[in-house]
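These notes concern the structure reproduced below.
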Amino acid sequence: MSALPATTAPFPVRVFGGPTALFEYGGLRFLTDPTFDAPGDYPRGDGGFLTKTAASATATADLGRIDVVLLSHDEHADNLDTSGRALLAGIPLTLTTPGGGERLRESLGEKARGLADWASVELDRPGGGTVTVTGVPAVHGPGPREEVEPVTGQVVGFVLTGDGLPTVYVSGDNASLDAVKEVAERFAPVDTAVLFAGAPRFSALFDNEVIVLDSAMAAEATRILGARRVVPVHYDSWAHFTEGRDELQAAFTAAGLADRLDWGGRD
């Protein structure tokens, strides 16, 4: 059977704050990095704290059905918090890093699955056919992956494809444009890119260099991917994010890409 013609029409993406967004794709409902805890200080693992500055734009009880969580990594509270972990128990499938899949299987069993680079899983669509979710490279800090991962851990991004469906890229906590280039070589042009941004920095890590895309890098990632639409996430609600909406808007405007921005239903 020949593939259906792809549609590039944008679909709604709801952004709730931090890295958390919800979208329906191929009849399935996907949630990224669930963070719904109240503002406050959360242990960082090195004796410090991550400070959440704003509540989520919704409550878990108001999410409706969730079929799949796309979890870039499970080790940091600004990507998976206590409320997010509780939510996973009622969701049929959580896709994450190989290491995260092993850790989460202790509580979730087969509901958790890790994806190595370029590994994929096919999900049945309610009306027939499948959605393919492919794990793609991500590096949570500057420099080579083998030097970054021992400090900040494994991270995974995702690409979603299907017959008659647009191509969707979810970057996860990635700071590497080389990783974006690898994704582009296989999947560009991308119809919708959910880009984690915010330029988070810590003085004790990597000489205060960014550990996720800054605004200018997000604009460059858009160009590399040929992305027709970009939904930024991971740029507000946490104190360690050093760039927000204004910086993103300015960077995309300077790059001539402001028309690609979609703020995820926040306007």
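Got a number for residues in region 11-42 being of a type in the set (G, A, S) and either in a helix (DSSP H, G or I) or more than 24 Å from D124 (Cβ to Cβ) (or both)? Quick ask: steps written out before the conclusion?
So in region 11-42, the residues of a type in the set (G, A, S) come out as 17-18, 21, 26-27, 38, 40.
If we keep only those that are either in a helix (DSSP H, G or I) or more than 24 Å from D124 (Cβ to Cβ) (or both) too, we end up with 17-18, 38, 40.
Qualifying residue count, region 11-42: 4.
Is it fair to say S203 is within 14 Å of F252 (Cα to Cα), polar (S, T, N, Q) and without any contact (Cβ under 8 Å) to a residue 40 or more places away in the chain? I'd like the intermediate steps shown before the answer.
Working: within 14 Å of F252 (Cα to Cα): no; polar (S, T, N, Q): yes; without any contact (Cβ under 8 Å) to a residue 40 or more places away in the chain: yes.
When the stated conditions are applied, S203 does not pass them.
Among the listed residues V194, V183, V190, identify the single one that is of a type outside the set (D, E) and in a strand (DSSP E or B).
Values: V183 fails: in a strand (DSSP E or B); V190 fails: in a strand (DSSP E or B).
Exactly one residue qualifies, and that residue is V194.
What tally of residues in region 209-239 results from selecting those that are surrounded by fewer than 18 Cβ atoms within 10 Å (Cβ to Cβ) and touching a Phe, Trp or Tyr at 6+ places or on another chain (Cβ under 7 Å)?
Number of matching residues: 0.
Could you check, for region 118-129, whether at least one of its residues is without any contact (Cβ under 8 Å) to a residue 24 or more places away in the chain, of a type outside the set (D, E) and part of a strand (DSSP E or B)?
Yes, region 118-129 contains at least one residue that is without any contact (Cβ under 8 Å) to a residue 24 or more places away in the chain, of a type outside the set (D, E) and part of a strand (DSSP E or B).
Considering only region 43-84, how many residues are within 25 Å of P137 (Cβ to Cβ) and not in a loop (DSSP other than H, G, I, E, B)?
5
Report the residue count in region 36-81 for those that are exposed (fewer than 13 other Cβ atoms within 10 Å of the Cβ) and under 15 Å from L104 (Cβ atoms).
Qualifying residue count, region 36-81: 0.
Rundown of residues vs (1) modelled with pLDDT under 95; (2) over 30 Å from F206 (Cα atoms); (3) not small (G, A, S), yes/no style:
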| position | (1), (2), (3) |
| --- | --- |
| E102 | no, no, yes |
| G109 | no, yes, no |
| G114 | no, no, no |
| D124 | no, yes, yes |
| V131 | no, yes, yes |
| V139 | no, no, yes |
| G143 | yes, no, no |
| E147 | yes, no, yes |
| G153 | yes, no, no |
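Please pick out the residue among L63, L95 that is within 13 Å of the chain's Cα centre (by Cα), at pLDDT 95 or above and farther than 22 Å from A227 by Cα. So that I can check it myself, show each step before the final result.
On the way: L63 fails: within 13 Å of the chain's Cα centre (by Cα).
Selected residue: L95, the only one of L63, L95 that is within 13 Å of the chain's Cα centre (by Cα), at pLDDT 95 or above and farther than 22 Å from A227 by Cα.
Can you spot a residue in region 153-165 that is acidic (D, E), within 17 Å of V133 (Cβ to Cβ) and either part of a helix (DSSP H, G or I) or in contact with a Pro (Cβ under 8 Å, 6 or more places away or on another chain) (or both)? So that I can check it myself, show each step before the final result.
Residues of region 153-165 acidic (D, E): 163.
From what's left, within 17 Å of V133 (Cβ to Cβ): 163.
Add one more test, that the residue is either part of a helix (DSSP H, G or I) or in contact with a Pro (Cβ under 8 Å, 6 or more places away or on another chain) (or both), and what stays is none.
No, because not a single residue in region 153-165 is acidic (D, E), within 17 Å of V133 (Cβ to Cβ) and either part of a helix (DSSP H, G or I) or in contact with a Pro (Cβ under 8 Å, 6 or more places away or on another chain) (or both).
Look at G101 and say whether it is touching an Asp or Glu at 6+ places or on another chain (Cβ under 8 Å), buried (at least 16 other Cβ atoms within 10 Å of the Cβ) and not in a loop (DSSP other than H, G, I, E, B). Let's see the steps before the verdict.
Details: touching an Asp or Glu at 6+ places or on another chain (Cβ under 8 Å): no; buried (at least 16 other Cβ atoms within 10 Å of the Cβ): yes; not in a loop (DSSP other than H, G, I, E, B): yes.
For G101, the condition - touching an Asp or Glu at 6+ places or on another chain (Cβ under 8 Å), buried (at least 16 other Cβ atoms within 10 Å of the Cβ) and not in a loop (DSSP other than H, G, I, E, B) - is not met.
Show the residue pairs meeting these rules: Cβ distance below 6 Å; 6+ apart or different chains; first residue within region 35-49 and within 22 Å of V69 (Cβ to Cβ) and modelled with pLDDT under 90; second residue part of a loop (DSSP other than H, G, I, E, B) and not aromatic (F, W, Y).
Y42/A77
The values are calculated or read from the model by the stated rules, or taken from the named source; none is laboratory data. Model, not experiment: these values are computed from the prediction. FYI the Cβ positions are ideal-geometry reconstructions off the backbone, even for glycines, and counts take in every protein chain you see.
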